[in-house]
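Below is one structure, written out as structure tokens, with a few remarks after it.
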Amino acid sequence: MAERADDRLVRLLGLVAYLDGAGPVRVEELADRFGVTPRQVREDVDALWVSGTPGYMPDDLIDFDAFSLEDGVVTLTQARGMTRPLRLGTREAVALVAALRAMHASPAVQADRRRAAVVASALDKLTAATGEAAGAVDVQLEGDGDPQVVAAVTTALAEGRRLHLRYVNAADVTTERDVDPLRLLTQDGAMYLVGWCLRVDGRRTFRVDRILDARVLDEPVAERDAAVAGDLGADVWASVAHRGAPAATLRLASAARWVAEEVPAESVRDLPDGTVEVRLRVTNPAWLRRLLLANAPDVVAVDPPDVARDVAQSARAALAAYASTTADEPGTRHDGSGDGSGAPPAGDDGPGATKTVG
């Protein structure tokens with residue numbers, strides 16, 4: 001399974017601390033002590049070699065003896081203060097206690113026993129050092145989704161067992177599926193479950209507050225290597241907008257520039273006429289349809305054309321439905337001018353259609 005960034009950070013800091021006290025150590029011995037391969041040790045040393053304190057000039061970076069490394073021995077020559085005990089003021093310590101208590105209470109941490117133990121250990125030590133000031137800190141987290149669902153998800157993650165989910169997506173379509181849970185993530189205040197969906201035989205991301213029901217099954221999760229499971233350290237959008245999804249290119253007026261900043265865009269390009277071109281991967285056509293309909297006045301062009309035709313058809317259907325509900329209302333016009341007739345003006349393919357602005 002792919003290594004998490006926080007796991008590697010802990011090991012990198014541990015390498016510096018260990019080498020600072022142990023002196024020169026052979027690569028194979030370090031690999032055995034930290035539970036990684038000799039190749040990973042060398043990659044870690046390369047990463048540390050370009051790390052250091054603010055300023056990041058040569059004299060600010062952690063340093064090693066390059067000649068001894070060629071002989072298979074890692075020799076730390078400059079730790080740059082990375083092994084000095086951290087000194088916190090009272091306000092800093094209290095803020096850190098609050099953050100650790102919130103982290104320890106979160107389902108994402110509780111689902112991982114090893115991470116929960118590390119957080120609890122750090123919290124106990126910091127609370128003891130802070131004394132009465134830490135006692136005044138009270139952290140309460142609001143739930144994200146049904147508590148029974150969250151409990152089932154965290155239990156399945158902690159015990160390595162499969163889940164049966166009843167899930168409603170953004171298009172209000174409800175499905176049932178078996179999922180091997182991989183990790184809980186948070187993004188923009190929402191919690192997501194990353195898992196391997198057996199229904200589609202692929203990795204999927206489920207927003208926890210859209211899980212209607214979750215049941216822990218007896219089956220253990222299947223073993224999958226990093227190449228299959230994917231990089232779990234990626235953000236939620238990267239998980240959702242996977243490479244296999246079809247691409248769409250939108251050209252938007254400057255008033256809709258916010259779209260480029262808020263949607264999971266694969267690329268963004270400013271054009272000479274002031275418009276912006278946004279290329280994205282579409283895993284949910286209904287989501288893209290709603291986006292284009294809501295911002296129709298600022299949509300200059302859409303590619304591929306079938307996306308524009310789909311949006312135009314939806315717009316016509318909406319107009320027709322509106323016309324049918326207002327047909328018997330006094331004062332409603334039915335002259336085909338687009339004000340309730342269900343037909344857009346001549347020459348207009350409807351909101352979101354491919355068009356060219358001259």
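Here are the numbers for this structure:
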read-out	value
Estimated FRET transfer efficiency (Asp172, Arg309; beta-carbon r; R0 35 Å; 0.05)	0.95
Spin-label pair Arg113/Glu159, simplified geometry with 7 Å Cα→Cβ offset, distance in nm	1.2 nm
For Ile62, solvent-accessible area (1.4 Å; no DNA, RNA or ligand), Å²	10 Å²
Label-point separation, Glu43 to Asp65 (7 Å along Cα→Cβ), nm	2.7 nm
Added length on full extension, which subtracts the Cα-Cα distance from 0.36 nm per residue, Leu271 to Asp201	21.3 nm
Additional length obtainable on full extension of the chain from Thr77 to Arg33, 0.36 nm per residue less Cα span	13.8 nm
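The values are calculated or read from the model by the stated rules, or taken from the named source; none is laboratory data. Values in this document were obtained by computation on a predicted structure and should not be read as measured data. A quick note on method: Cβ atoms are made from the backbone with ideal geometry, for glycine too, and the neighbour counts reach across all protein chains shown. Ligands, DNA and RNA are stripped out before the accessible areas are found, and what is left, the full protein with its side chains, is counted by its heavy atoms. Shrake-Rupley method; radii C 1.70, N 1.55, O 1.52, S 1.80 Å.
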